[in-house]
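Derivation of every value follows stated rules applied to the coordinates shown; laboratory data play no part. On a predicted model such as this, the values are computed, not experimentally measured, just so you know. Don't worry about glycine lacking a Cβ; one is built from the backbone with ideal geometry, like all the others, and counts go over all protein chains shown.
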Amino acid sequence: MMTPAQSLSHVLELFQEHFGTAAQSRAFAPGRVEVIGNHTDYNGGTVVGTAIDRGIAVAARVRPDGKLRFYSDTKSSDGIVETSRATFAQDDIPTWCQYPLGIIDEAHLRGWPSEPVGLDLTIASDLPEGTGLASSAALEMAVVGALSQLLFTADMQPSRGALVEVAHRAENRFVGMPCGLLDQTVVGFGKKNGLVVLDAAINKSVSIPLPAGIRFVLFRSHISHALVDSPYEDRHRECRTALMGLERFVPGIRHLARLHPADLDAYASVLETRPAMRARHVVHEQRRVGAFLATLSQNDLVAAGACMTASHESSRALFDNSTPELDTLVATANAQRGVLGARLSGGGWGGSMVAMVTDEFEEKHGESICDQYEELFEVRPHWWQSSAAAGMVSERL
Ligand code: GLA
């Protein structure tokens, strides 16, 4: 595991080694855990996350000739990938290049300066892909951070919100994944020892302090998830169908997450089974996020943890985005000393489990969870304790 400072210096060495010259800017963006608020973001709800202590570093340099050249230390077998804005659609480029390309394309659409911009870019990642820790958003935010340092002077830098928007639009429009605002927001606005609370209906986020003595431990199930090919789009559609079905009965309702549970009870029978189940999850998850924040502010950590576990149960039973591996991790974690609550984190269908723990949770408790998992699935999960970390940082060199 590398610290952000180590990743930032490693990515400069990579740049020198592969492009034979020095980088002009660099950035580091952390991964994130979703603490509570599963699939509420694209339903106009509230979601709570925190940036973690692993992430992705990017180093960049402008090229005058319009060529785009990318190198990633985790994809070293692809070597240096070369393309350009004019030819990328025809070029045979690996999937991971979609993320930097998406940022460059979005920056171009917004009329960012220094056209035509060519770029050399190296990527150093300490954040495994497919683990539900937002490696896509971390890559996008690191690229947009390094790029904005190259294209704007210090006093003209776009706001943090604008960078988050570029990354989010690149993912929705260029990569084609209809994700909500959670990942890019938490990666962009993370605070050390803080939680990011996002109201996705109005795209506003605030940071609140994490109560003293609370930590998050992360367990990676061995089921990798890739959201682009997962049922994520199906859920997105089912939620829209539910909203459209209910609109006739609840005039003026714009977001599924904002529906009152009593209105859902009154009208759910007009919906087909699946949209009705998804709606039930989203509407009650929104209430659980509220209860989590309220109990946390009263320092009732046991009640806050119970909200997380209830969230997992709802994801499993109503949203159908858990797996037996994640269910096992949640159940075994909840039986350990010091665990306040546990749930799947992020999109689901594999990826990671997050548990909120007190100081009573020790190394041996984590190992015991792994032992039980290994007995059932014959693979040992990877786990670590994460501090709540700061969001993306970038600098011109
Ligand atoms: C993924 C998406 C987020 C959010 C979560 C589920 O992480 O990128 O926007 O929808 O799934 O809550």
>> Treating only the Cβ of Lys, Arg, Asp and Glu as charged (+1, +1, -1, -1), what charge dipole size does the chain show about its Cα centre? Round to the nearest 20 debye.
In response: 1100 debye
>> Can you tally the net charge around T46? Count Lys and Arg as +1, Asp and Glu as -1, for every other residue whose Cβ sits under 14 Å from the Cβ of T46.
In response: 0
> Zone of R254 (label point 7 Å along Cα→Cβ, backbone N under 16 Å): which residues in segment 29-52?
Replying inline: 41-46
> Sorted by mean Cβ packing within 10 Å, highest first, what order do the peptides 160-173, 122-135, 46-59 take?
Replying inline: 46-59, 122-135, 160-173
> In segment 185-270, what trypsin sites (Lys or Arg not before Pro) fall in a loop by DSSP, with at most 11 other Cβ atoms inside 10 Å?
Replying inline: R248, R254
> Tell me, what is the Rg over Rh of the chain, with Rh the Kirkwood radius over Cα pairs?
Replying inline: 0.98
>> As a test of the formula, what do you get for the chain when each DSSP H run with n ≥ 4 contributes -39,500 (n - 2.57) and the sum is divided by the residue count, at 222 nm and rounded to the nearest 500 deg cm²/dmol?
In response: -12000 deg cm²/dmol
> Using the Karplus equation 6.51 cos²θ - 1.76 cosθ + 1.60 (θ = phi - 60°), what ³J(HN,Hα) coupling, rounded to whole Hz, does each residue of segment 85-100 give in order, writing x for Gly and Pro?
Replying inline: 4, 6, 10, 4, 5, 8, 5, 8, 10, x, 4, 4, 6, 4, 6, x
> Relative to the present Cα-Cα distance, how much length would full extension add between R396 and R215 at 0.36 nm per residue of separation?
Replying inline: 61.8 nm
> Residue-wise, which Karplus ³J(HN,Hα) couplings in Hz belong to segment 137-145, taking 6.51 cos²θ - 1.76 cosθ + 1.60, θ = phi - 60°, and x for glycine or proline?
Replying inline: 5, 5, 5, 4, 5, 5, 5, 5, x
> Ranked highest first by the average count of other Cβ atoms within 10 Å around their residues, in what order do 347-355, 362-370, 382-390 fall?
Replying inline: 347-355, 382-390, 362-370
> Between G130 and residues 5 or more places away or on another chain, which pairs have amide H atoms under 5 Å apart, with H built 1.01 Å from N, and which residues are they?
Replying inline: S135
>> What distance in nm separates the two pseudo spin-label positions at D265 and I80, each 7 Å out from Cα along the beta-carbon direction?
In response: 6.5 nm
>> Tell me which chymotrypsin sites (Phe, Trp or Tyr not before Pro) from segment 238-301 have a DSSP coil assignment and no more than 14 other beta carbons within 10 Å of their own.
In response: F249
>> If you fit an axis through the alpha-carbon atoms of helix 363-377 and take the longest principal axis of the Cα set of the chain, what angle between them do you get, 0 to 90°, nearest 10?
In response: 80 degrees
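Considering only DSSP states other than H, G, I, E and B, which GluC sites (Glu not before Pro) in segment 238-325 qualify as loop sites with at most 14 other Cβ atoms within 10 Å?
E272
With the cut-off at 1.5 for a/c, could you classify segment 214-386 from its C-alpha gyration tensor as rounded, prolate or oblate? Write out the running numbers ahead of the final one.
Numbers: a/c = 2.92, a/b = 1.63, b/c = 1.79.
Note, shape of segment 214-386 comes out oblate.
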>> Taking R0 as 41 Å, what FRET efficiency do you get between Q90 and M156 from their Cβ-Cβ distance, rounded to the nearest 0.05?
In response: 0.75
> Simple spin-label model, 7 Å along Cα-to-Cβ: E374 to S297 in nm?
Replying inline: 4.4 nm
>> I'd like the Karplus ³J(HN,Hα) series for segment 188-204: coefficients 6.51, -1.76, 1.60, θ = phi - 60°, whole numbers in Hz, and an x wherever there's a Gly or Pro.
In response: x, 10, x, 10, 4, 6, x, 10, 9, 10, 10, 9, 6, 5, 10, 6, 10
>> Can you give me the C-alpha center-to-center distance between segment 301-335 and segment 88-138, rounded to a whole angstrom?
In response: 34 Å
> So what's the angle, to the nearest 10 degrees on a 0 to 90 scale, between helix 4-19 and the longest Cα principal axis of the chain?
Replying inline: 40 degrees
>> With just the Cα atoms defining each centre, how far is segment 237-267 from segment 186-212? Give it in Å.
In response: 27 Å
> Which aspartates and glutamates have a Cα lying under 14 Å from the Cα of K204, excluding residues fewer than 8 positions away in the same chain?
Replying inline: D41, E165, D183
> Dipole of segment 168-248 (Lys/Arg Cβ +1, Asp/Glu Cβ -1, origin at the Cα centre): which of A212, S230, C179 lies farthest to the positive side?
Replying inline: A212
>> Using amide H atoms built in the peptide plane, which far-off residues or other-chain residues are under 5 Å from L68 H to H?
In response: T83, S84, L119
> What nm value, rounded to one decimal, do you get for the distance between A317 and A335 when each label is placed 7 Å out toward the C-beta?
Replying inline: 2.0 nm
